[in-house]
Amino acid sequence: MNYFNQSESAQRRAERDRELTELYCEIYDSLKACRVKNMRHVALTMALASGSPRYHVGFDRAYIVVAQLLRDKDAIAFKSSCIRDMWLEITARVERLMRECRLSIAQAVELVLEQCRASRFFLAEEHAWVIIKRELSKMNCRRPYGRAA
């Protein structure tokens, strides 16, 4: 049974993709002015590491995953190490808020999702290239994407 709203999930992914692409373009333009070698690769690496304005997950999913991870850090098999890192970061922040501020899991999850900035975009580089290429083509932009030579 699927407990998660698929349209909400798609909206969060679209927001994440747009934020990543905008950040990539901003960094790419500044690197272009400085004539940096391998601009595409450097811009992508910097964009991924710069952090996302937020975690792009819904409350219901976050509550369920965090509750499971608080019980057992190895309770869930994640598809990728990036996703695992994101959930462990969220869980660590929730755990800290619960301990220091005496909040419930629900209160701490809500606070982390609404107020905390993600440390980075939790995407593999190859997936990020695909996202940026797709977003730039939607924008009908001629900015270079693809793999740096």
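The values are calculated or read from the model by the stated rules, or taken from the named source; none is laboratory data. Owing to the predicted nature of the structure, the values given are computational and were not obtained by experimental measurement. Here the Cβ is made from the backbone with ideal geometry for all residues, glycine too, and neighbour counts use every protein chain on show. Note: accessible area is taken over every heavy atom of the protein model, side chains too, but ligands, DNA and RNA are not part of it. Shrake-Rupley method; radii C 1.70, N 1.55, O 1.52, S 1.80 Å.
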- [ ] Take region 52-72 and flag every residue that is touching a helix residue (DSSP H, G or I) at 6+ places or on another chain (Cβ under 9 Å), outside any helix (DSSP H, G or I) and exposed (fewer than 15 other Cβ atoms within 10 Å of the Cβ).
- [x] 53
- [ ] Enumerate the pairs (first residue in region 51-72 and over 25 Å from residue 21 (Cβ atoms); second residue anywhere and open to solvent by 70 Å² or more (accessible area, probe 1.4 Å) and assigned to a helix (DSSP H, G or I)) with beta-carbon separation below 8 Å, excluding pairs fewer than 6 apart on the same chain, so at least 6 apart or on different chains.
- [x] 59/110; 70/95
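Condition first: surrounded by fewer than 18 Cβ atoms within 10 Å (Cβ to Cβ), in contact with an Asp or Glu (Cβ under 7 Å, 6 or more places away or on another chain) and assigned to a loop (DSSP other than H, G, I, E, B). Can you find one or more residues in region 1-10 that meet it?
Within region 1-10 (the criterion being surrounded by fewer than 18 Cβ atoms within 10 Å (Cβ to Cβ), in contact with an Asp or Glu (Cβ under 7 Å, 6 or more places away or on another chain) and assigned to a loop (DSSP other than H, G, I, E, B)), the answer is yes, since at least one residue qualifies.
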Task: Residue tally, condition without any contact (Cβ under 8 Å) to a residue 24 or more places away in the chain and in contact with a Ser or Thr (Cβ under 8 Å, 6 or more places away or on another chain), over region 86-130 - done: 1
TODO: Go through region 107-121 and give me each residue that's among the acidic types (Asp, Glu) and either touching a Pro at 6+ places or on another chain (Cβ under 8 Å) or more than 24 Å from residue 49 (Cβ to Cβ) (or both).
DONE: 110
Open item on the list: Looking only at region 135-148, filter to residues that are surrounded by 13 or more Cβ atoms within 10 Å (Cβ to Cβ) and not in a loop (DSSP other than H, G, I, E, B); which one of those is modelled with the lowest pLDDT?
Closed with: 136
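Could you count how many residues in region 98-119 are basic (Lys, Arg) and within 14 Å of residue 87 (Cα to Cα)? Before you say what the answer is, go through the steps one by one.
Of all residues in region 98-119, those basic (Lys, Arg) come to 99, 102, 117.
After this cut, where a residue has to be within 14 Å of residue 87 (Cα to Cα) as well, the list is 117.
Count: 1.
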Open item on the list: For the list (1) in a loop (DSSP other than H, G, I, E, B); (2) of a type in the set (Val, Ile, Thr); (3) within 22 Å of residue 119 (Cβ to Cβ), I need the number of the one condition that residue 36 fails.
Closed with: (3)
